[in-house]
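Working notes for the structure below.
The values are calculated or read from the model by the stated rules, or taken from the named source; none is laboratory data. Fair warning: this is a prediction, and the values are worked out from it, not measured in the lab. No Cβ is skipped: glycine too gets one built from the backbone with ideal geometry, and neighbour counts run over all protein chains shown.
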Amino acid sequence: MLAECINDLLPQTQCTKCGYAGCAPYAQAIAEGLAPINRCPPGGEKGITALATLLKTEVLPLDETCGRHMPLQVAVIDEQYCIGCTLCIQACPVDAIVGASKLMHTVLAHACTGCDLCVAPCPVDCIEMVNVSPARTWTREDAQTSRQRFEARNERLTRPAQEPQRQESAKEIGNAVAQALAKARARRSAAATP
Ligand code: SF4
Ligand code: SF4
Ligand code: SF4
């Protein structure tokens, strides 16, 4: 199937920078002629060329409204500020963050795709994206591993037995965030008192 062949050429970081919910929906949109081939910043020029070859179409420059092609990055959590809210775990499409509610979290560097989806949800801004050192490029094997992790995560999340646990953790996250915000408000008000 064409969409599957297109998906095989995408980097599988599931970063959503193309404007779709992941690599597979973007592949589907390309296959249906609903999206151009130049919306994937992680794939960059190389990826666009591969898609153009497959589809026998012209090579387009990367649409930088989706983002720039960057060196491979990895997320790093400054654990001294982490409040253990688990929001980053929920945002990570490939289960590359480990931790438990109210405990510090850490990134499994070997599994991180550099998608940066964990950065925005962190209520205390303690996640930073840094260039992988030594620098290296994202390989087809990386993409395959990432896809497997993404599919395993989706499978885990759709298991019915997980539902009560998810509801419970959502409650815990809400409480942890509320506590963090209350602490932040208390700090601000103490700082404002002469
Ligand atoms: S890796 Fe490319 S195709 Fe996949 S979600 Fe990110 S931008 Fe979209
Ligand atoms: S740890 Fe952050 S940057 Fe790395 S894969 Fe997960 S969400 Fe993306
Ligand atoms: S989102 Fe930020 S504060 Fe919450 S668990 Fe992740 S790193 Fe810690």
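General remarks:
- Those residues of segment 30-67 which are of a type in the set (Lys, Arg) and under 22 Å from Thr137 (Cα atoms), in sequence order: Arg39, Lys46
- Selection over segment 35-49 of residues that are free of Cβ contacts under 8 Å to residues at least 60 places away in the same chain and part of a loop (DSSP other than H, G, I, E, B) gives a count of 8.
- Whichever residue in segment 70-89 is closer than 17 Å to Gln14 by Cα and surrounded by fewer than 16 Cβ atoms within 10 Å (Cβ to Cβ) and, among such residues, is nearest to ligand 1 (Cβ to nearest atom): Met70
- Whichever residue in segment 97-114 is closer than 17 Å to Asn154 by Cα and touching a residue at least 12 places away in the same chain (Cβ under 8 Å) and, among such residues, is nearest to ligand 1 (Cβ to nearest atom): Thr113
- Every condition in (1) assigned to a helix (DSSP H, G or I); (2) modelled with pLDDT of 90 or more; (3) among the acidic types (Asp, Glu) holds for Asp116 except the one numbered (1).
- Subset of segment 119-136 (residues that are away from ligand 3 (no atom under 11 Å from the Cβ) and part of a loop (DSSP other than H, G, I, E, B)): Val132, Ser133, Pro134, Ala135, Arg136
- Matching entry among Val94, Val76 (being under 17 Å from Trp138 (Cα atoms), touching a residue at least 24 places away in the same chain (Cβ under 8 Å) and within 16 Å of ligand 3 (Cβ to nearest atom)): Val94
- Residues that are crowded, with 20+ Cβ neighbours inside 10 Å, at pLDDT 95 or above and within 16 Å of Thr16 (Cβ to Cβ) do occur in segment 95-108, at least one of them.
- For segment 1-23, the candidate set comprises residues that are crowded, with 19+ Cβ neighbours inside 10 Å and part of a helix (DSSP H, G or I); within that set, the residue that is nearest to ligand 2 (Cβ to nearest atom) is Cys23.
- Any chance Ser146 is among the small types (Gly, Ala, Ser), touching a Ser or Thr at 6+ places or on another chain (Cβ under 6 Å) and closer than 25 Å to Pro41 by Cα: yes
- In the condition set (1) away from ligand 1 (no atom under 14 Å from the Cβ); (2) surrounded by fewer than 17 Cβ atoms within 10 Å (Cβ to Cβ); (3) in a loop (DSSP other than H, G, I, E, B), Ala52 is compliant with all but (3).
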